[in-house]
Amino acid sequence: MRELGIEYDFRDTAKEPLSAAELKRLVGKRPIEDFLNPRSTSYRKMGLKNRKISRTEAIRLMVEDGNFIRRPILISGSRAVFGFDDTVYREL
């Protein structure tokens, strides 16, 4: 973000986790799979790669264990980007 000259506020979600309400708002109507971190040890241990889970269950898992959330999360206006995407960042 600094390299792109973008001002930002940082939130350490390990110390200040996202609530279920915040996650629901950020995810909106988009596919929940876009927000789950498939590289997470917890994700792999639960075998979620080959399993379809509900939005409710996914949000519950993300609230209980922040490692289920694809990071970083960049919020710009009404847009939320989960996971690093240099191209999208440059468009913001």
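Taken together, the values in this text are just the output of simple stated rules run on the coordinates, not laboratory data. Computed from a predicted structure; not experimentally measured. Cβ placement follows ideal geometry from the backbone for every residue including glycine, while neighbour counts extend to all protein chains displayed.
Helical runs assigned H by DSSP (4 residues or longer) give the chain a calculated mean residue ellipticity at 222 nm of -8000 deg cm²/dmol, each run adding -39500 (n - 2.57) before division by the residue total. With the largest listed first and rounded to whole Å, the semi-axes of the equivalent ellipsoid of region 35-82 from the Cα gyration tensor are 20, 12, 9.
Taking amide H as placed 1.01 Å from N in the peptide plane, residue 73 has its amide H under 5 Å from the amide H of 83, each at least 5 places away in sequence or on another chain. Take every Cα pair under 8 Å whose residues are at least 6 apart in sequence, average their separation, divide by the length of the chain, and the relative contact order is 28 percent. For residue 24, a cut-off of 16 angstrom between C-alpha atoms picks up these aspartates and glutamates, skipping any fewer than 8 places away in its own chain: 33, 34, 57, 64, 65. As a rough guide to protection, the peptides 45-53, 81-89, 65-73 ranked by mean Cβ packing within 10 Å, highest first, stand as 65-73, 81-89, 45-53. A simple charge model with +1 on the Cβ of Lys and Arg, -1 on the Cβ of Asp and Glu and nothing else charged puts the dipole of region 4-48 at about 320 debye relative to its Cα centre. Taking the average, over residues, of other Cβ atoms within 10 Å as the packing measure, peptides 23-33, 6-16 rank 23-33, 6-16 from highest down. Panel values: the chain, Kirkwood radius from alpha carbon pairs, Stokes-Einstein at 25 °C and 0.890 mPa s, translational diffusion coefficient 175 µm²/s.
Taking 0.36 nm per residue of separation and subtracting the current Cα-Cα distance, fully stretching the chain between residue 21 and residue 2 would add 3.9 nm.
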